[in-house]
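See below for the structure under consideration.
The values are calculated or read from the model by the stated rules, or taken from the named source; none is laboratory data. Source: prediction; values computed, not measured. As a convention, Cβ positions derive from the backbone with ideal geometry for all residues, glycine included, and neighbour counts pool all protein chains shown. Areas reflect the complete protein model, heavy atoms only, side chains present, ligands, DNA and RNA absent. Shrake-Rupley method; radii C 1.70, N 1.55, O 1.52, S 1.80 Å.
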Amino acid sequence: MRCWLKIEEMALEELMQRLNAVSQCADEIMHQDIIPLYAADIQDQLKKQFAYLSGGRGGDGCPVITFPDYPAFSEIPEKEFQNVLTYLTSIPSLRDAGIGFILVIDRRQDKWTSVKASILRIAASFPGNLQLVLVLRPTGFFHRALSDIAFRFNKDELKMKVPIIMLGSVSELQSYIDKTQLTEDLGGTLDYCHNRWLSRRTAIEGFAQKVKQTAQILQSFGTELAETELPNDVQSTSSLLATHTEKKDKMKEDIRVAVEQGDDILGSITKPVTENPDYKLNQDQLDNQTTVERLLAQLHETETAFDEFWMKHQQKLEQCLRLRNFEQNFREVKAALDIVSERLSAFTDVGNSRSHVEHILKDLANFKEKSDETVTKAKMLASERDAFIQSNHYAVDSIIPKCSELHHLCDAFTTEIERRRKLLNKSLELHDLLEKSMKWCDEGIYLLASQPVDKCQSQDGAESALQEIEKFLDTGAGNKIKELNKIYEEYAHILNEDLKDHVQKVFQKQESMEEMFQKRQVSLKKLAAKQTRPVQPVAPRPEAFVKSPCTSPGLQRENVSNSESSALRRVNYRKAKSETTELHQSRGGSTMDDEENLAVLRQHVMNELIETERAYVEELLCVLEGYAAEMDNPLMAHLIPPELQNKKDILFGNMEEIYHFHNRIFLRELETYVEYPELVGRCFLDQMEDFQIYEKYCQNKPRSESLWRQFSDSVFFQECQRKLDHKLSLDSYLLKPVQRITKYQLLLKEMLKYSKNCEGAEDLQEALTSILGILKAVNDSMHQIAITGYDGNLNELGKLLMQGSFNVWTDHKKGHTKVKDLARFKPMQRHLFLHEKAVLFCKKREENGEGYEKAPSYSYKHSLNMAAVGITENVKGDAKKFEIWYNAREEVYIVQAPTPEVKATWVNEIRKVLTSQLQACREASQHRTLEQTQSLPLPLPASSCASPSRNHIRNTKKTEEKKADLTSLEGCGTTVAPKYPEKGKGWAKPSHSLDASEENDGWSSAEEALNSSDAEEEGAGGAGEIKLTPGKYTVVTDYDKGVSEEFTVKSGDLVQLIREGEDGLWFVKNLSSGREGWIPASNLLMLIGNSKSAQSLSSSESGTASSNLSTSSSCSDSCNVSSTSFSDIKG
């Protein structure tokens, strides 16, 4: 670095010397070092032309200065006269001026007195050397004679250092000066124009000044470049290089303009020769040519000197920029290496089972793969050392240590990751050995438990059992742990307390198993050596109670105690029982690796949940303090655009409420479950209602994002971001709550995955379902707020249950025939919103824009009151279609879902709504039925119930009809029609106005014609008949034959229809009691029925009670016992 600074100083010193030489040379060329006078300074004085330098020369090359006839010569101020003579004498070269000047004084038109005065004035003021003075005396006879006489008498008075010759004519003048060196007014042929001469002199001197100024500017610029302190960051260095380059280019442009100026002057001087090769330049022109050429040479020297200096300076800046890039990359790479090294240091676990070790090895391999990119970058950066050295970089002394450090870090990281891998492979090897030992022990226990006790009592059986045991023990050479101390010694570097304890327990199990085999061998050898009376114990077959050993090591460790204990406990002789007890004791304290692995994973998920929750709370606080609070800061008010003021609630929504909930409640509750991660589902369930605040935040998000886009470039936000030192802008942090509420369900899924057999699994599942429900509600609400054109209050429609897009056909009984037929073929695209009290039909309209503005809007078309809605689940010809009908099928909407699954979801949800209405209707009906039973006839004797006669059945039917009529009349009389909003204000009446564009929207020629549904045809069969429909029914009126042991049903019982009898009686099975018997069909209300084409579920079907499930007969013209007024229930 010091060497480079010395080189920089030398380069600047050389530049200064060369540019100073140019400036001095320019002054010397223009004689400004002697007489600093320019034509531009005395231009008005030179224009008077009382004296001029024509360019003519005497015989020995003396410059000729001509004083033409100038009547006001005596009136010229002395200062002007002195300036002009001084300037004219400074123009010729020093050599020519040293010879002396010839003065030609033309006074042919003047008087003697003026001639005398002129000569005296010139003699007194002429600043140069004089060689000869030639005076053209007056031409008049009197003045000529007078001048001769006066000259003789005043010769001494006019005495000068040079001779003064009085000439009478131009011809006499030509004897002293050649005709070609005299101007035309003196009878010569010299081409001279005073204005042209003055213009050229001004141009030459201006060019000389330009050359000098350029040299001086370059001197200042070079000093500025050399003294500029090098920045310490990439951006500033790059900006400095660009700025200096821009200034250099401007300097070069000025030099180019100056060169063009000099070339133009030189061209104007040589133009006569160019146009006429025979033309000869006079000495003055030749001197001008030489002057301009020398000035151009100095200008080129200036440019060359600056270019050489700039190359060195540019090299320094480029090397500085390269250094800053290297330093920045070094910092980034080193930070990345520190991060991966820190993460690598977290791989301290050697695993507690084979599967766990394999999982860690896989994680380590993935980590190495991801970190390879960082290591590669570090190595590539370190390899730039040679390039810096070869380019003679001025900071190579500081670069080499950094490159060496990177090499060291990369090597250390690679070595450490390889060491970790070897440790894990060693751990895997140990776990393989342990699992082999455990498997061998399990197989040995299985062998002991599976040997038949009765067969072992014989000599052959005992010998056979002994052979089996010996053969099995031979397999232990490669499977069992031989010496525990050697295991400890070989795997000492990976054995922690838990793993060491596990090895010890496996070894104890192995020893216990071998001891059991030894005892079994002793017993069998005794039986084989001396035959005794066999014992006949009662024992089940081994196949019935012994299972084959489990192949999964994890499952072996988890279930080994139970399987061993269960197997050996069933062996019904004392020795086997003793062995079982010993084995159970040896295995009672062994760890269950799989459960421990799951516990570790659960703790990992819990740690992630708490850590991310803390980070989330900190981020919310940072936004609220760094942005939201600053909007109320008076010191920042001048940075806030007027349109943004007082809009903090729009921009941030209820983020403060979310922050307080998480900081004061949820985070603290989570931390109490840190030791019990499997129970964290209860924490979510306890706070589930508070999570509803996210719905408000998400609904406000479109307004917030729109406001942000308008003012994202505001200086206020930039200043806040700078103070917070955030790399991301505010909009990224405004998205955090949306990201967080979606993150919970992922963490809950992970926790549930590892807690399936734990105590809190049900709470985790319920919490996951609840969070998913909140996400669905948030998503649905985002669509709901996009509904336009609905004049009522959507909140009055109850909770939004479902929303989605469908193809919809309409089929209205009261519509025109052609419209009705046309509607069957041409579907409309409609977006349906299912609320608790109504279903809304909207038309989806896509919007243009960015972000949330891209979300579609939904134009409200019409709605149906759920109190008067029914559904037909299946439609012939398409598994994705179902029907929503209104007011006893006066209006039918055939709805086609995107998939059968979507259809099933919607049908189930609508069924839930209608079922809840049915339940309310049923309770009201039961209440009225109890009030009416006091006026009904007594039940018939039970003897007639077993085989009812036709007359008895007829009488029973009449009785039930009377009962139904009474109930129907009472229901109709007390019904109050629901109060709906006026048309266009809500969902009182559907809108049937369909324009042509809507009818043709989504039309497809592939749609087949839809026939009338079977439910419609069955309804047209007559209002008085009850059509048999297989399925389940609900009893709406108590039915009792009077004998307790015979068939009886109560209101609310669920029955299954078996077959239809005569005179309105159906044979049914009471699903509550299991009894079967006959009951009038009018006492039943259909719950689920199957027809030829459809399964129907209704809330307002007109007609008989058995047709469909109904909850709002007040909307129909005919009422009966099965259709209680829904308005009564409301009341």
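Residue ranges 857-870, 509-522 sort as 857-870, 509-522 when ordered by packing (mean number of other C-beta atoms within 10 Å per residue, highest first).
Less than 5 angstrom separates the built amide H of H862 from those of F841, all sequence-distant by 5 or more or on a different chain. Net charge of the neighbourhood of K723, taken over other residues with C-beta under 14 Å away and scored Lys/Arg +1, Asp/Glu -1, is -2. With label points built 7 Å along Cα→Cβ from the Cα atoms of A879 and N633, find their separation and express it in nm. Rounded to a tenth, the inter-label distance reads 6.3 nm. Taken about its Cα centre, region 193-342 carries a charge dipole of about 340 debye when Lys and Arg each add +1 at the Cβ and Asp and Glu each add -1 at the Cβ.
Suppose every K and R has +1 on its Cβ and every D and E has -1 on its Cβ; what is the size of the dipole of region 713-773 about the Cα centre, in Debye to the nearest 20? Don't skip to the end; give the middle numbers.
Details: 9 positive and 9 negative charges, 46 e Å.
I would put it at about 220 debye.
Working from Cα pairs under 8 Å separated by at least six residues, relative contact order for region 375-521 is 26 percent. All C-alpha to C-alpha distances of region 258-318, sorted into 5 Å bins beginning at zero, yield P(r) values of 4, 16, 19, 17, 12, 9, 7, 6, 5, 3, 2, 0 percent in whole numbers. Could you tell me the calculated FRET efficiency between T304 and T86, based on Cβ-Cβ distance and R0 = 30 angstrom, to the nearest 0.05? Result of the calculation: an efficiency of 0.25. Restriction of the GluC sites (Glu not before Pro) in region 647-698 to DSSP coil positions whose beta-carbon has at most 16 other beta-carbons within 10 angstrom yields E675. Applied to region 202-213, the Karplus parametrisation 6.51 cos²θ - 1.76 cosθ + 1.60 on θ = phi - 60° returns per-residue 3J(HN,Hα) values of 5, 5, 5, 5, x, 5, 4, 5, 4, 4, 5, 4 Hz, with x for Gly and Pro. For region 293-306, the Karplus equation 6.51 cos²θ - 1.76 cosθ + 1.60, evaluated at θ = phi - 60°, returns couplings of 4, 5, 5, 5, 4, 5, 5, 5, 5, 4, 5, 5, 4, 5 Hz by residue, with Gly and Pro reported as x.
Taking 20 Å as the cut-off for C-alpha to C-alpha distance, list the pairs among K47/K280; K509/K753; K362/K436; K47/K111; K436/K509 that go past it.
K47/K280; K509/K753; K362/K436; K47/K111
Here the simple spin-label model places points 7 Å from the Cα toward Cβ, and for Q508 and T612 these points are separated by 4.1 nm. Note on E671/L735: beta-carbon distance plugged into 1/(1 + (r/R0)^6) with R0 of 35 Å gives a FRET efficiency of 0.85. Taking a point 7 Å out from the Cα of A21 in the direction of its Cβ, the residues of region 298-317 whose backbone N falls within less than 16 Å of it are 298-309. Per-atom-type breakdown for region 605-655 gives carbon and sulfur 52% of the accessible area (1.4 Å probe, protein chains only).
Computed from backbone phi with θ = phi - 60° and the Karplus coefficients 6.51, -1.76 and 1.60, the 3J(HN,Hα) list for region 871-877 is 10, 10, 5, 10, 10, 4, x Hz; x is used for glycine and proline. Each distinct pair of alpha carbons in region 174-213 adds a 1/r term; the inverse of their mean, the Kirkwood radius, is 11.9 Å. Computed from label points 7 Å out along Cα-Cβ, the spacing between Q49 and K799 is 11.1 nm.
Each principal axis of the Cα cloud of region 343-402 was taken in turn, and the coordinate range along them, longest first, works out to 57, 16, 11 Å. In terms of distances greater than 24 angstrom between alpha carbons, the cross-link table entries K370/K701; K701/K749; K439/K486 yield K370/K701; K701/K749.
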